[in-house]
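Every number here is computed from the coordinates shown, using simple stated rules; none is lab data. None of these values were measured; they are calculated from a predicted model. Note that we place each Cβ from the backbone using ideal geometry, even for glycine, and neighbour counts take in every protein chain shown.
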Amino acid sequence: MNDTSIAQKQLIALKKKLDTAIESRSLLEDDFNLQSNLLIQFISKLTLISKGIDLELDNRLAELRTLFTKSAPIGDISDKISAISKLLQQHSITNEKNIRQMHEQFNQAGQSLQKINGLPDNLRRDLRALLAKTKDNKDALIQYIPLLSQLLTLYDHALNTKTSLPTKGLLQPPALKPAVQKPLSEIELTPFDTSLLEKISISLSSLPLSKEHTNDLLAIKKKLMTDQSSDEVLHHLIEIFDVIVADFKDEQSSAKNFLTHLSATLTTVQSAVRETIDSHHSTQLTHDKINKKLQLQLTEMTGSVEKALSLNQVKEDINEKLLFISKTLEQKSKFEQYSHKQLAEKLDEMSAKVELLEKQSKIFDEKLAIQQQKSMQDALTKLANRAAFDDYFAKSMVRFHHKPFGLALVVMDIDDFKSINDTYGHTAGDKTLQVIANTIVKNVSKGVFVGRYGGEEFVLIYSNVKQEALLTELNNLNKCIASLPFKFKDTKVSITLSIGAAHVGSEDNIHTVFERADQAMYKAKKQGKNQVIYST
Ligand SMILES: Nc1nc2c(ncn2[C@@H]2O[C@H](COP(=O)(O)OP(=O)(O)OP(=O)(O)O)[C@@H](O)[C@H]2O)c(=O)[nH]1
């Protein structure tokens with residue numbers, strides 16, 4: 001083989017190597033271009049998402065994109081990326097702060113809405129469900145948007161029910177339009193808003209007044225529901241204030257009387273005790289005197305015996321001294337009788353006073369107990385009220401978490417109760433509430449807590465019940481209520497309940513279990529009312 005052919009062979013081999021290197025380089029270039037494109041696309045998307053959040057971030061992302069498009073040196077790209085990372089880190093901290101703030105604002109606004117009196121039950125229920133959904137912080141601000149929209153809808157409903165908005169919270173109440181001055185005759189003839197009257201009437205039912213004043217209030221309540229011109233309503237409202245003030249004054253003067261009696265009796269008992277102590281002192285002194293006299297007489301007698309010269313003289317002396325001693329003893333016995341009698345009289349007097357004091361305290365204790373019972377009792381149905389329910393349920397939950405037992409909560413709501421009020425009047429509505437309350441009490445097992453949660457909603461707490469037994473009892477109760485022979489204005493009316501029930505589980509707290517029972521009741525309403533739904 002000559003030199004030329006060797007060189008040619010080497011040339012061919014070199015060309016092959018060169019071709020392979022070019023191919024690899026173009027593959028690498030394709031790969032790099034693909035990755036760059038992907039990165040550029042990613043940066044573009046990131047730019048779109050973060051657009052408007054921060055101008056500096058916008059600019060830096062645009063610069064990074066240009067660096068990639070120009071295939072700039074990796075050092076420049078890496079510097080840009082680290083600056084962007086720092087910015088994003090700051091944003092993440094601000095974002096977390098914003099989420100926390102939004103969470104607080106959201107809940108504050110929800111709770112402010114909850115505090116408004118007279119919200120319709122379904123609105124209140126929806127609000128409770130919404131607040132339960134936002135109990136924990138969300139991961140992103142964006143998740144609050146649908147929740148905020150729901151909250152705004154609830155505020156809108158609340159506004160439409162014409163209740164006043166709270167002054168604090170997410171939304172401020174809209175500025176009121178200046179009232180237009182109407183002619184006096186027109187004002188007097190304007191009928192009063194009946195829903196407002198209903199609310200006043202419901203609040204009146206829960207006032208814990210004395211029996212006499214409660215009857216007065218009931219009479220005014222009746223008039224309030226029939227006379228509805230502004231003038232008449234105003235007059236009845238003043239009457240109501242008068243009754244409340246009179247009850248308050250009675251209560252105050254009865255407490256004052258008791259305290260005056262108590263103070264007088266205490267003073268007499270105190271002076272009797274002081275007198276007894278004084279007389280005990282003087283008795284003691286007299287006793288000591290007599291004892292000393294006796295001692296002296298005995299010593300004298302011993303001395304005269306020792307000094308006597310004859311037996312006759314001893315006899316005479318002793319006789320004389322014994323006479324003195326017997327007189328002193330007689331004096332001592334009389335004195336003792338007298339002081340015993342005096343002490344007994346004083347003790348009798350004192351025990352009579354203490355007895356009186358005990359009687360007065362007992363009366364006051366009973367009054368306090370009645371007052372306390374009233375504050376835990378619903379005035380209309382005489383069932384336990386919401387405060388009593390909260391207290392009982394909280395205690396039951398504590399017991400349950402200490403040692404689990406068959407604890408179940410039931411929420412009941414009268415179906416279409418508004419139409420009873422609207423068609424047959426508020427008094428018929430009140431009567432219905434009373435009859436239903438009595439029927440519930442009569443038809444549930446012994447030991448079940450029965451309370452009026454508010455409006456036409458009742459709650460039961462079972463302390464030891466299994467699911468099957470609970471459902472049997474609730475279904476029977478439901479049938480019993482549905483078959484009650486209500487008759488208003490000669491029309492037979494059937495009234496039904498929607499019932500939701502749930503057992504307490506180890507993970508539950510007061511709110512979660514109430515929510516489940518309430519949701520079950522709501523489901524019963526949605527599925528056609530007059531039924532029991534158990535939440536598993
Ligand atoms: N008479 C009377 N009515 C009351 C009392 N408390 C609440 N209400 C009325 O109960 C009604 C409840 O109405 P809604 O919340 O619309 O419920 P509903 O008509 O029962 O409808 P559903 O719950 O969907 O079956 C309102 O008209 C309240 O005024 C009360 O103490 N006495």
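Listing for the model above:
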read-out: Footprinting exposure proxy for Ile84, Ile318 (fewest neighbouring C-beta atoms within 10 Å first); value: Ile318, Ile84
read-out: Amide H partners (placed H, <5 Å) of Gln377, local residues excluded; value: Asn385
read-out: Separation of the Gln10 and Arg100 label points, Cα + 7 Å toward Cβ, nm; value: 7.5 nm
read-out: Greater than 25 Å apart at Cα, pairs in Lys374/Lys487; Lys15/Lys70; Lys133/Lys403; Lys431/Lys492; Lys289/Lys327; value: Lys374/Lys487; Lys15/Lys70; Lys133/Lys403
read-out: Spin-label pair Gln90/Lys341, simplified geometry with 7 Å Cα→Cβ offset, distance in nm; value: 10.4 nm
read-out: Beta bridges by DSSP in the range 439-536, antiparallel share as percent, to the nearest 5; value: 60 percent
read-out: Computed lengthening from Glu29 to Asp390, 0.36 nm per intervening residue step minus Cα-Cα distance; value: 122.7 nm
read-out: Point-to-point label distance, Lys487-His287, nm (Cα→Cβ direction, 7 Å offset); value: 8.2 nm
read-out: Table column - 3J(HN,Hα) (Hz), the range 432-449, Karplus curve with 6.51, -1.76, 1.60, x for Gly and Pro; value: 4, 4, 5, 5, 5, 4, 4, 5, 4, 4, 5, 9, 9, 4, 5, x, 7, 7
read-out: Amide hydrogen neighbours beyond the local backbone of Asn530, cut-off 5 Å, H modeled; value: Leu497, Ser498
read-out: On Cα atoms only, tilt of 510-526 relative to the major axis of the chain in degrees; value: 70 degrees
read-out: Gyration tensor (alpha-carbon) shape descriptor, the chain, a/c threshold 1.5; value: prolate
read-out: Cβ-defined net charge surrounding Lys223, 13 Å radius [Lys, Arg +1; Asp, Glu -1]; value: -3
read-out: Folded to 0 to 90 degrees: helix 194-205 orientation relative to the chain principal axis, Cα; value: 40 degrees
read-out: Distance from the range 1-33 to the range 296-354 (C-alpha centre basis), Å; value: 151 Å
read-out: Residue-averaged [θ]222 nm for the chain, counting only DSSP H segments that reach four residues, each worth -39500 (n - 2.57); value: -25500 deg cm²/dmol
read-out: Degrees separating the helix 144-160 axis from the principal Cα axis of the chain, which is the longest one; value: 60 degrees
read-out: Rel. contact order, % - alpha carbon contacts under 8 angstrom, at least six apart, the chain; value: 9 percent
